[in-house]
Structure formats: structure tokens, C-alpha cells
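What follows draws every value from the coordinates through simple rules; no lab data is involved. Predicted, not measured: the structure shown is a model, and the values here were computed from it. All Cβ positions, glycine included, derive from the backbone under ideal geometry; neighbour counts span all protein chains shown.
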Amino acid sequence: MLKGISPLLDADLLHALRAMGHGDVIAIVDTNFPADRFARTTTLGRPLKISCPTAAEATAAILGVMPLDTFVEGAAVRMEVVGAPDEIPAVQQEVQAAVNAAEGKDWPLTTLERFAFYERVSKAYCIVQTGERRFYGCFAFTMGVIPPEA
């Protein structure tokens, strides 16, 4: 057990986060997402599992130690609802709140159509699958940098 780090972040996930660099993408996906298939094309090559029931909990734990990229548009992305791209389900509203809390400000979640999301995730550093059973609990986050102390 480590102080100041969520117990949801196991050794494999902490290793992946530490190995990632600026511009690398981590996907947090729901239990229905074909994580094994898509993870084979990622840098890590296999899916990681996180022991939590919601995407918001996973997001809070991961973004508690990982900065988002401030140099690119779409550093925080959600999969849009098929046939209703402007709809924002409760699971996505909860993740939005977790992103805002982690970054200390309102941070826009941009949207990607389902197959465009699959394409982005297939090029990610890694995929983390949660126990989230609600539909559209799928997100991609781009790692930023931690600036030097002044």
C-alpha cells in the first residue's frame, strides 16, 4: 500500500502510467468494450483491468497522478452516443466531473464517433477496462507534462 496513491492503481497500471510519456494516450473503457481485441494493437499489447465499478472512479484515480496534455485539442475524449451525438449520458457527466476535479478547472470532453474512437484507442499506449456496465463509459486521455518547479 502506498500513501497518496489510490489503491485502485495496481502495480501493472502504475508501471504503465510511469512508462507513458507526453502525448501518449490511455483509454478507460467500460466492461462491454472489446478491450482484448483492441489492446493487442496498443503499445502495451494487452488490456489492464482496474478494480472499480465505474468509469468515474477509474478516471479520478488515474488523473490523480497523470496530467492532461495542454498542448493539443481533445486531450480528454468521450465516445459519442450512436445516433445521438449531442446526448451526454450520466456516466459521461460523472467522468466530466472527475476530469474537472483532477484538473482543478472546467476541462472539455470532446467527442469521437464510435469507429473513430476505436481507431484512436487502437493506437493508444494502453487500455484500462473498468467494471462500468453503463453504455458509453469509454474515454481516451492524452498525457501531458509536469513543469519544472519555479
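If amide H atoms are built 1.01 Å from N in the plane of the peptide, which residues on other chains or at least 5 residues away come under 5 Å of the amide H of residue 111?
The list, which skips near neighbours in sequence, is 78.
How would the stretch 23-142 be classified by its alpha-carbon gyration tensor: rounded, prolate or oblate, with rounded meaning a/c under 1.5 and the a/b versus b/c comparison settling the rest?
On the way: a/c = 1.24, a/b = 1.13, b/c = 1.10.
Rounded, because the longest to shortest axis ratio a/c is under 1.5.
Averaging sequence separations of C-alpha pairs under 8 Å and six or more residues apart, then dividing by the length of the chain, give the relative contact order as a whole percent. Don't skip to the answer; put the middle values down first.
Details: 288 pairs, mean separation 67.0, N = 150.
Reported relative contact order: 45 percent.
Among 83, 42, 63, whose Cα lies farthest out toward the positive end of the dipole of the stretch 23-142, if unit charges sit on the beta carbon of Lys, Arg (+1) and Asp, Glu (-1)?
Checked the options; the winner is 42.
Counting helices only, and only those DSSP H runs with n ≥ 4, report the 222 nm mean residue ellipticity of the chain as the sum of -39,500 (n - 2.57) divided by its residues, in deg cm²/dmol to the nearest 500.
Values: 5 runs with 46 residues, N = 150.
Counting only the DSSP helices, I get -8500 deg cm²/dmol.
Can you pull the one-decimal nm distance between simple spin-label points at residue 19 and residue 110, each 7 Å off the Cα toward Cβ?
Result for the modelled spin labels: 2.7 nm.
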